[in-house]
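Here is the structure we will look at, set down as structure tokens.
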Amino acid sequence: MSKLKIAVIVGSTRIGRFADHPAKWIADLTGQRPDLEVEILDLLDYPMHFFGEARATTAESDSAERWKKKLREFDGFIFTVAEYNHAPTAVLKNAIDLGEFIQKPVGFVGYGGVGGARAVEQLRLIFVEMSAASVKTGVHIAFSEYLAVLKEGKSLGDYAHLNEAAKNLLDQITWWGNALKAARAVVTSA
């Protein structure tokens, strides 16, 4: 079977964001697997209007179309999820609303309050409506680990429990990715 193509989506565009750390870490782990191919997609590279906004510029509309087209290349997605005010970032929610994730697996690497768990749980519900399959295991970076990376020079890879969760997430993305890719192929050929 051919390699699954997985996108790691950087879910924050804030100045000084932490999102680059988990995105690079999970992309590196994904790239080490012989069954997966990975690419990081940064929302900074896709400045989009907000869904349904009447005053969208041509550039924002073109960027949204470029975003949708890019997403079609992938068999699955891993999102870095910052939790602000018990929710995911507005820019990530908007990118999801403007994107296409139908019948593809999604996984999450969360950080912030309680390891981003509240934001991730909201996204799981959203992806049900997007006809995507959320994998069970998420990676949740606790505030102490977040601070250790930022202030002490630690790496996310220094934490065995994060590596174990990432392995489980990638195993599930792979299983669901292969199952859904096969199912999409049957439907397409019918």
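Give 126, 102 a once-over and let me know the one that is touching a Ser or Thr at 6+ places or on another chain (Cβ under 6 Å), at negative phi and either of a type in the set (Asp, Glu) or not in a strand (DSSP E or B) (or both).
Details: 126 fails: touching a Ser or Thr at 6+ places or on another chain (Cβ under 6 Å).
The match here is 102.
Are there any pairs with C-beta distances below 7 angstrom linking a residue in segment 152-177 that is more than 15 Å from residue 140 (Cβ to Cβ) and without any contact (Cβ under 8 Å) to a residue 24 or more places away in the chain to a residue that is open to solvent by less than 50 Å² (accessible area, probe 1.4 Å) and not acidic (Asp, Glu), with the two at least 6 apart or on different chains, and if so which?
If the second residue must be open to solvent by less than 50 Å² (accessible area, probe 1.4 Å) and not acidic (Asp, Glu), the pairs left are 154/148.
Inspect all residues belonging to segment 148-156 and state whether any of them is crowded, with 19+ Cβ neighbours inside 10 Å and closer than 30 Å to residue 16 by Cα. Talk me through it step by step, then tell me what you get.
Taking segment 148-156 and keeping what is crowded, with 19+ Cβ neighbours inside 10 Å, we get 149, 156.
Subsequent filtering for residues that are closer than 30 Å to residue 16 by Cα retains 149, 156.
For segment 148-156, residues crowded, with 19+ Cβ neighbours inside 10 Å and closer than 30 Å to residue 16 by Cα: present.
Tell me yes or no: at least one residue of segment 55-71 is modelled with pLDDT of 95 or more and either crowded, with 23+ Cβ neighbours inside 10 Å or among the acidic types (Asp, Glu) (or both).
no
Quick one: residue 77 ticks every box in (1) touching a strand residue (DSSP E or B) at 6+ places or on another chain (Cβ under 9 Å); (2) assigned to a helix (DSSP H, G or I) bar one, so which box is it?
All conditions are met except number (2).
Among the residues of segment 166-190 satisfying the criterion of being out of contact with any Ser or Thr (no Cβ under 9 Å at 6 or more places or on another chain) and of a type in the set (S, T, N, Q), which is nearest to residue 32 (Cα to Cα)?
174
Name the single residue that is nearest to residue 45 (Cα to Cα) among those in segment 82-100 being in contact with a Gly (Cβ under 9 Å, 6 or more places away or on another chain) and acidic (Asp, Glu).
Within segment 82-100, the match that is nearest to residue 45 (Cα to Cα) is 97.
Please work out which one of (1) modelled with pLDDT under 95; (2) buried (at least 18 other Cβ atoms within 10 Å of the Cβ); (3) under 28 Å from residue 184 (Cα atoms) is the condition residue 26 fails and give its number.
Residue 26 satisfies every listed condition except (1).
Search segment 116-132 for residues that are more than 14 Å from residue 86 (Cα to Cα) and pair each with any residue that is assigned to a helix (DSSP H, G or I) when their beta-carbon atoms are under 7 Å apart and the residues are at least 6 apart or on different chains.
Final answer for the pair search is 126/96; 130/96.
Can you work out which of the residues in segment 82-125 that are farther than 30 Å from residue 160 by Cβ, buried (at least 18 other Cβ atoms within 10 Å of the Cβ) and among the aliphatic types (A, V, I, L, M) is modelled with the lowest pLDDT?
My answer is 98.
Go through segment 1-42 residue by residue and tally those that are under 15 Å from the mean Cα position of the chain (by Cα), among the acidic types (Asp, Glu) and not in a helix (DSSP H, G or I).
3
Select, from 83, 121, 65, the only residue that is more than 29 Å from residue 184 (Cβ to Cβ) and not in a loop (DSSP other than H, G, I, E, B). Quick ask: steps written out before the conclusion?
Details: 121 fails: more than 29 Å from residue 184 (Cβ to Cβ); 65 fails: more than 29 Å from residue 184 (Cβ to Cβ).
Residue meeting the stated conditions: 83.
Might you let me know whether segment 136-146 holds any residue that is open to solvent by less than 10 Å² (accessible area, probe 1.4 Å), touching a Phe, Trp or Tyr at 6+ places or on another chain (Cβ under 6 Å) and assigned to a strand (DSSP E or B)? Explain how you work it out, then say what you get.
At the first step, the residues of segment 136-146 found to be open to solvent by less than 10 Å² (accessible area, probe 1.4 Å) are 139, 141.
The next check asks that each one be touching a Phe, Trp or Tyr at 6+ places or on another chain (Cβ under 6 Å); those that pass are 141.
From the residues that got through so far, the ones that are assigned to a strand (DSSP E or B) too are 141.
The answer is yes, given that some residue of segment 136-146 is open to solvent by less than 10 Å² (accessible area, probe 1.4 Å), touching a Phe, Trp or Tyr at 6+ places or on another chain (Cβ under 6 Å) and assigned to a strand (DSSP E or B).
Return the residues of segment 93-118 that are within 25 Å of residue 187 (Cα to Cα) and polar (S, T, N, Q); say none if nothing qualifies. Don't jump to the end; show me each part of the working.
If we filter segment 93-118 for residues that are within 25 Å of residue 187 (Cα to Cα), which is where we start, we get 96-107.
Passing the criteria: only 103.
The values are calculated or read from the model by the stated rules, or taken from the named source; none is laboratory data. A quick note: this is a predicted structure, and the numbers were derived from the prediction, not measured. Here the Cβ is made from the backbone with ideal geometry for all residues, glycine too, and neighbour counts use every protein chain on show. Calculation scope for accessible area: heavy atoms of the full protein, side chains included, ligands and nucleic acids excluded. Shrake-Rupley method; radii C 1.70, N 1.55, O 1.52, S 1.80 Å.
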